[in-house]
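Visitor: Would you mind keeping the following structure in view while I ask a few things?
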Amino acid sequence: MDTACVELKFEDVTQISIDCIAVENQVARNMYERSELDYLLYNDPVGYADLVLNGDVEDYQRRVTDYRPLDERG
């Protein structure tokens, strides 16, 4: 987390580093979408990496993002 990256190390010694700030800058259009990506990153970094590498980040955001401020949520 100190580097704002998710680093994956595979059994064949291959390494991948995902720049999370670059991902957010590319796909998040507002603070609500950034918040959802941050939540996933901190709570399930492997799921975050899988989503970025194999999934559709924009579809994920459409499904999970609640665009209401916290004080308006019930």
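Visitor: Would you please give the FRET efficiency between Arg29 and Lys9, computed as 1/(1 + (r/R0)^6) with r the Cβ-Cβ distance and R0 = 25 Å, to the nearest 0.05?
Guide: Efficiency for this residue pair is about 0.20.
Visitor: Quick check for you: with a 1.4 Å probe and neighbouring chains kept, what is the accessible area per residue of the chain, in Å²?
Guide: Accessible area per residue, the chain: 73 Å².
Visitor: Rounded to a whole number, what % of the accessible area of the chain do carbon and sulfur atoms account for, probe 1.4 Å?
Guide: 49
Visitor: Just checking my list [x] 23, 13, 11; [y] 26, 12, 11; [z] 16, 14, 12 against semi-axes √(5λ) of the Cα gyration tensor in Å computed from this structure; which label fits?
Guide: Computed from the coordinates, semi-axes √(5λ) of the Cα gyration tensor in Å corresponds to [y].
Visitor: Could you give the length gained on full extension between Leu53 and Asp66, defined as 0.36 nm per residue of separation minus the Cα-Cα distance, in nm?
Guide: Taking 0.36 nm per residue and subtracting the Cα distance, the gain is 2.3 nm.
The values are calculated or read from the model by the stated rules, or taken from the named source; none is laboratory data. Since this is a predicted model, take the numbers as computed values, not measurements. Neighbour counts are summed over all protein chains in view; Cβ atoms, including those assigned to glycine, are modelled from backbone coordinates with ideal geometry. The protein model used for the area step is the full one, side chains on, heavy atoms only, and it has no ligands, DNA or RNA in it. Shrake-Rupley method; radii C 1.70, N 1.55, O 1.52, S 1.80 Å.
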